[in-house]
Amino acid sequence: MIDRLLSIFACGLCVAGLCVAISVVGCAAPAGDGASAGAGDKVGVAQPTSAPALEFPEGKFVSIFDGKSLTGWKVPKFGGEGKVWVQDGQLHVGVGDGITGATWTGSIMREDYELSLEARRVKGEDFFCGLTFPIGKEPATLILGGWGGSLVGLSSIDGYDASENSTTTTEEFKNNQWYDVRVKVTKDRVQCFLDDKEIVNVEREGRKFSVRWEVEDCVPLGVATWKTHGSMRNIRLRRLIDAEK
């Protein structure tokens, strides 16, 4: 009789343990931190979905942002970063305690290409578009609205940042106003345009291009902000035709 009672008690413990295990396994992690999210959800996405296979015919712009999701983009862990999300056809890069950004993981070009997008500062007082792009095997970052909201320049050239090299200038940027941004890279020069105004024209020969360590995770192509909410749309790449090279 005692043996039978002990057996029943042991079975009860096993069932209870199994119930606890099922309960623990069934507790899904909350959506947001690395979990999949809808296109409009204001959460960072740790891992990108696969980038589409893209080809770049000469002279034709090809979109690398679909305006609906973060397909092909990853959100780096800079440390203290804010949220990155897609809403209303825009890639929103939110306010963080430093750098926040997104990096394109798909096909790129390194020579004889043009990169185009529209950007705006939603709120904040520092750069709302830090556009990192390849110059051959080297990267550089076009800064729009740095150092209190007005500084423009290419970072870095020969070790000098956007605030201290030949490209340094200032522009007045208004919140919630869209700006057309274009970068053209040929084997000879790097040119950048803001609303069709040339703001950078640098000869490549004899120059060393690099990025600050804060945006290294945006290499080779990405966008970032500094303690500022910026948004971007119509992010496109185009292979230059022979006459433009």
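Values in this text are rule-based calculations from the coordinates and carry no lab data. Note that the structure is a prediction, hence the values are computed from the model and not measured. We place every Cβ from the backbone using ideal geometry, glycine too, and count neighbours over all the protein chains shown.
The range 175-245: percent of C-alpha pairs farther apart than 20 Å?
Beyond 20 Å sits 44 percent of the P(r) for the range 175-245.
With Cβ to Cβ distances under 12 Å as the rule, what net charge do the other residues near Arg236 carry (K, R +1; D, E -1)?
Residues close to Arg236 contribute a combined charge of +1.
If amide hydrogens are placed 1.01 Å from N in the peptide plane, which non-local residues have theirs closer than 5 Å to the one on Val122?
Result for Val122 returns Asn176, His229, Gly230, Ser231.
Please sort 75-88, 196-209 by packing, taking for each peptide the average over its residues of neighbouring beta carbons within 10 angstrom, highest first.
So the peptides 75-88, 196-209, ranked by packing, come out 75-88, 196-209.
Can you compute 3J(HN,Hα) from phi for each residue in the range 88-100, using the Karplus curve 6.51 cos²θ - 1.76 cosθ + 1.60 with θ = phi - 60°, rounded to whole Hz and x for Gly and Pro?
Karplus values, whole Hz, x for Gly and Pro: 6, x, 10, 8, 8, 10, x, 6, x, 8, x, 7, 9.
Less than 19 Å apart at the alpha-carbon level, and either on another chain or at least 8 residues along: which lysines does that give for Lys60?
Straight-distance partners of Lys60: Lys184, Lys245.
At what distance in angstrom do the alpha carbon centres of the range 134-209 and the range 64-89 lie from each other?
Taking the Cα centre of each part, the range 134-209 and the range 64-89 sit 23 Å apart.
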